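Data block below; observations after.
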Amino acid sequence: MIAAALLVISLAACTTAPDPTPSASSLSTTTFNFGTSSDPAGLDPALVSDVDSNRVTRQIFEGLVTTDPTTGDPAPALATSWKALNNGLAYEFTLRENVTFQDGQVFNAAAVCTNFNRWYNFPVQKSSTIFPGSFKSLFRTFSNDAKNSVFKSCTANSALKVTITLNLALTSFLDALTEPAFGIASPAALTSGKADVLDQEHGAFKLSKFALDPVGTGPYKFSSWKDGTVTLVQNPKYWGDKGQIQTIHFVTYQQSQARLQALLSGKIDGYDFVTTDNFESLVKRGMQVQQRDPFSVMYLGLNQKIPELADLKVRQAIAVAIDKDSLVKNYFIEGSTSTNQFIPPKLSGFNNQVPSAGYDPDKAKKLLTESSYKGEPLKFYYPLNVTRPYLPSPEKIYADISAQLTAVGFNIKPVPIEWSDNYVGKVTSAGDHALDLLGLNGSYSDPDNFVGPLFGSTTGELGSTDPQLVSKIDRAKTLPDGPERTKAYQSINADIATSIPAVPIAFPISALALSPRVNNYPVSPVLNEVFNKITLSS
């Protein structure tokens, strides 16, 4: 096992930053080929949340703020400075000068408001599952339910001053704006690409024309997307350091062994989501393995719309029937840990007092006997041909969990679904799935990022929501950092462990494999890895 320290690029930790001087390497013709495990679901960052989509959109789009790679705090991006107003009910941002979108349009405060208003007014009635999910998670709802929305308005005070006004103060507001979903798109491209009209198809996904030809302000421009390869080219008018790499090819290899062989044969320069069975070959061939700090959670989703799972004793039986330690040992990179809660240990709100369900097959059998469950088949959805940072070997993990549940008396019906066949959309929509394998990769350093999206509102995946738990989550996100907020999230963790709307399994470590050609790669636990920060040997 190779333990690699995080490689970091220094950014100012303050809220002001001068425009960097473009490097002498900006005219490089270097090509970088990177192996991914799946095609993107789309390239409109507001409407996608999967890792491989976000990896591409991070190169094309920038938000008002980004993540400081050393501290994890919000750092300047399209905004050079900001200040909270009215006790956190508004934020005024000073925008970076002389920035243009990749289509030549000027970046300014009006463009920022066009994007915020687009997210707020997104026509959710057109789709129950495709909408700005990160916006909803942060701000609760959209303009069709304005009285319950945390977002109030966006005002362009001048060309380079913009104010975002909230109905409630949000402690994690600035941190959340670092998510790729809040990347600022060209208003002209949103209009010409009919960004809110999902009338295009790419595989199993409904997309807009804009999602097939995205335009932002980032260091790389979209070039093409075909035959499992997304190609980006260097943005010659980028305001910052253009970096060494002029052309990026993101190439899809669904199987981990295929990614390994592509790296060993020199077809690619790196790939993500190293699996345990790749390590020996990588080490023997002198490849680099760089690990990220654990900042994701893998879980088993339980759909309480299925009558059998509405019974708490059934959910308790599932929780104690799973040997989490053996799953972690067999399928996750060394250093990953099993867990009984959803908030990682590095965040405030992690609760050392959360009771452990433990692994107890005899107790599971007893709970089933006492429950309303009479052997009804339970459909267990799991993905095929994919690797996620939180789910390295889904088919193997499914088989193991299924066997454990069957051993205590459950009647499991497997439902394998290709990841590329919109697996996430199917398990997060209302349906007949009783169980599903999924996970959440943290995108910013706040406990709400882990409990808000899953338990802060009713979802098709889990089927039911505890109003008291939702109320606690809504309150906790508004509390200032300190003991009261920590205690609030600890209480939320304890409630989730008691009611078991889902079963947390592991806090995984994910890792990349890189060729010796790579001198420096901006490893990030929140996956904020922009390729103009990569340095290569000559």
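The figures follow:
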quantity	calculated
Residue in the stretch 295-307 that is β-branched (V, I, T) and modelled with pLDDT of 95 or more present	yes
Matching residues in the stretch 320-331 - criterion: being open to solvent by 10 Å² or more (accessible area, probe 1.4 Å) and either among the polar types (S, T, N, Q) or assigned to a loop (DSSP other than H, G, I, E, B) (or both)	D323, S326, N330
Strands (runs of 3 or more DSSP E) (entirely within the stretch 239-319) containing at least 1 residues that are within 20 Å of P383 (Cβ to Cβ) and open to solvent by 20 Å² or more (accessible area, probe 1.4 Å)	245-252
Options L440, L462, L454: the member that is touching a Pro at 6+ places or on another chain (Cβ under 6 Å), within 24 Å of P344 (Cβ to Cβ) and among the aliphatic types (A, V, I, L, M)	L462
When residues of the stretch 101-130 are limited to those that are surrounded by 19 or more Cβ atoms within 10 Å (Cβ to Cβ) and under 17 Å from S208 (Cα atoms), the one modelled with the lowest pLDDT	I130
2 or more residues surrounded by fewer than 21 Cβ atoms within 10 Å (Cβ to Cβ): qualifying strands (runs of 3 or more DSSP E) within the stretch 473-538	518-520
Condition met for N87 (surrounded by fewer than 22 Cβ atoms within 10 Å (Cβ to Cβ) and part of a helix (DSSP H, G or I))	yes
Residues (of a type outside the set (F, W, Y) and over 10 Å from F34 (Cβ atoms)) located in the stretch 264-273	L264, S265, G266, K267
Neighbours by Cβ (under 8 Å, 6+ apart or cross-chain): first from the stretch 190-209, within 22 Å of V112 (Cβ to Cβ); second open to solvent by 60 Å² or more (accessible area, probe 1.4 Å) and among the acidic types (D, E)	G193/D213; S208/D199
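The values are calculated or read from the model by the stated rules, or taken from the named source; none is laboratory data. Please read these numbers as outputs of a predicted model, since none were measured by experiment. Methodologically, a virtual Cβ is constructed for each residue, glycine included, from the backbone with ideal geometry; neighbour enumeration extends over all protein chains shown. Quick note on the areas: whole protein, heavy atoms, side chains included, nothing else; ligands and nucleic acids left out. Shrake-Rupley method; radii C 1.70, N 1.55, O 1.52, S 1.80 Å.
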